1. Here is a check on your reading of the model: is Gly251 at pLDDT below 95, surrounded by fewer than 18 Cβ atoms within 10 Å (Cβ to Cβ) and closer than 27 Å to Thr163 by Cα?
2. I'm trying to understand the selection: among the residues of segment 210-240, which are outside any helix (DSSP H, G or I) and at negative phi?
3. Please list, ordered by residue number, the helices (runs of 4 or more DSSP H) wholly in segment 1-113 having 2 or more residues that are out of contact with any Leu (no Cβ under 9 Å at 6 or more places or on another chain), within 25 Å of Met290 (Cα to Cα) and not assigned by TED's automatic domain parsing to the domain that holds Gly251.
4. Could you figure out which of (1) farther than 24 Å from Tyr256 by Cα; (2) in contact with a helix residue (DSSP H, G or I) (Cβ under 7 Å, 6 or more places away or on another chain); (3) charged (D, E, K, R) isn't true of Asp168?
5. What is the number of the single condition among (1) crowded, with 16+ Cβ neighbours inside 10 Å; (2) in contact with a Lys or Arg (Cβ under 8 Å, 6 or more places away or on another chain) that Glu33 does not meet?
6. Name every residue in segment 189-214 that is among the small types (Gly, Ala, Ser) and more than 16 Å from Phe154 (Cβ to Cβ), in order of residue number.
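The values are calculated or read from the model by the stated rules, or taken from the named source; none is laboratory data. Source: prediction; values computed, not measured. Glycine gets a Cβ as well: all are built from the backbone with ideal geometry, and neighbour counts include every protein chain shown.
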Amino acid sequence: MGDSRRSPVVAIDGGGTRCRLAFDDGKSIIAAEAGSANVSTDFDGALDEILMGLERLAARAGLTLDALSRVPAFVGLAGVTGESISERLRTALPFVHVRIEDDRAAALRGALGRSDGVISHCGTGSFFAAQAGGTMRFAGGWGPVLGDEASAHFVGRAALGMTLKSIDGKCTVSPLAERLLEDYEGAAGIVRFAGSASPSEFGALAPLVTEFAIQGDVLGERVMRSGAQDIAAILSIIGWSKGQPICLTGGIGPYYAPYLPADMQAELIPPVGEPLAGALSLAAEFAHEMAA
């Protein structure tokens, strides 16, 4: 994240869990952090967190907020779903020059740098992206109701669903199914939980599922294989071909590695950097375009 740049830039990477901000003056990077910043879920709350983070960042950089706001900025936020919400943000934020996108571009650039390749980002939600010749392509990210394949939410929900199917004899009863039935006090408890559970509450079950899958649990492995099949299919659709690097990011992403097809396993690489590093890189591009 410390490559030199010709002009100062500000970068913001905001998601449902936290918002990270950075100021790069071309010599060093100063960072700050704030709370949840999903502008679709809670626009006003996200804006408050971003502004609080900018105040902290300005103070750490020894600048006034007005001075910091004159620096070219790239803002990548969860929940930026179109031009209307981008324009609303552009009006509400103090920046004179700002590029606003959703949080996927920063995650892609952070994971791959400027190299070609694809990523499968699986946290509470999920999305898939490819970078080739400087062009980015995205798929997924449609949320827990209509998408989020292979996400932690998917894993938790699928494990509970398969546990109920095991009662009906449609799936093999496994130690994971027995554990879930015990934790939720039977099938009725699972149904009651699922009726009101949020994506993050479903996602909180993912570590238990991966733990049992690693131990060879039939149900856990079945869930992970199902998610890996979705990953493989979508990455192929967005342009992956043999020989291209694949990066599995997000909290549950790396756990899919052993369940992917062998040709994909052979191309797996660790991420180059974090989304904030990607946001800084995109901020530098924006500043360069402005100066051209």
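1. Values: at pLDDT below 95: yes; surrounded by fewer than 18 Cβ atoms within 10 Å (Cβ to Cβ): yes; closer than 27 Å to Thr163 by Cα: yes.
Yes; evaluated as a whole, the condition is true for this residue.
2. Within segment 210-240, the subset outside any helix (DSSP H, G or I) is 215-217, 238-240.
Within segment 210-240, Gln215, Asp217, Ile238, Trp240 qualify.
3. On the way: elements: 43-61, 65-69, 83-92, 104-112.
Per the criteria, 65-69, 83-92, 104-112.
4. Just one mismatch for Asp168, condition (2).
5. Answer for Glu33: the failing condition is (1).
6. In the first step, residues of segment 189-214 are kept if they are among the small types (Gly, Ala, Ser); the result is 189, 194-198, 200, 203-204, 206, 213.
Scanning segment 189-214 gives Gly189, Gly195, Ser196.
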